[in-house]
Amino acid sequence: MDKISAEQRHKNMAAIRSKNTKPEMLVRRWLWARGFRYRLNSPRLPGHPDLVLRKYRTCIFVNGCFWHGHHVDFSPDDTALLAADSPCCKIPHTNREFWVKKIRRNQERDADTQKRLAQMGWHCITVWECQLKPPKRTLTLTSLEFTLNRIWLDDHSVSRNYPQLDEEQPLQQAAEQTPQRR
């Protein structure tokens, strides 16, 4: 049984946003301040990623731990009520079957979206809400910045495949040999 009225529950759920959330704004401000430019919620890509960096061919998803089931372990069978909570995601005990199914569907959709983006040649990065809490925030955002730079370097590096020389062939010399002094 729910502890608050249906009207209050409706108001609480209606206040939840899917765009411009606090964790997303933290990531956006950090990246913008460091010179990364991006598009928001691109409708052309599967899953409408939160941030799209075309220069890096990278999509960034800023996921809420509750809505996407961060570290939630579901039972291998289809028993909907068996799901172990994680430190950052507690599944409600009221209407638990509904929430377990919803979170499981969200996880499946996330995996499918990332697979489709990877097939299209896009890199996918997921930043979790719990990783943006003050103790871990700087480390998470710095590693995101490092990852984006690494992706760019890997995609734009020049491969240097030098021809292999046979050991039996004499090397040509550019100048004459100098006589040895005795």
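The values are calculated or read from the model by the stated rules, or taken from the named source; none is laboratory data. Note that this is a predicted model, so its numbers are computed, not measured. We work out accessible area using only protein heavy atoms, side chains counted, and drop any ligands, DNA or RNA first. Shrake-Rupley method; radii C 1.70, N 1.55, O 1.52, S 1.80 Å.
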Leaving ligands, DNA and RNA out of it, work out the accessible area of His123 with a 1.4 Å probe and give it in Å² to the nearest 10.
70
What's the extension gain from Arg116 to Asn149 if we count 0.36 nm per residue and subtract their Cα-Cα distance?
9.6 nm
Under 5 Å between amide hydrogens, which residues at least 5 positions from His123 or on another chain qualify, with H placed 1.01 Å from N in the peptide plane?
Thr58, Cys59
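For Asp154, Asp110, give me the order by solvent-accessible area with a 1.4 Å probe, most accessible first, ignoring ligands, DNA and RNA.
Asp154, Asp110
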Given pairs Lys55/Lys90; Lys55/Lys101; Lys22/Lys102; Lys3/Lys136; Lys55/Lys102; Lys90/Lys136 and cut-off 31 Å on Cα-Cα distance, the over-length ones are Lys55/Lys90; Lys55/Lys101; Lys3/Lys136; Lys55/Lys102
If you rank Met120, Met25 by how much accessible surface each has, with a 1.4 Å probe, what is the order from largest down?
Met120, Met25
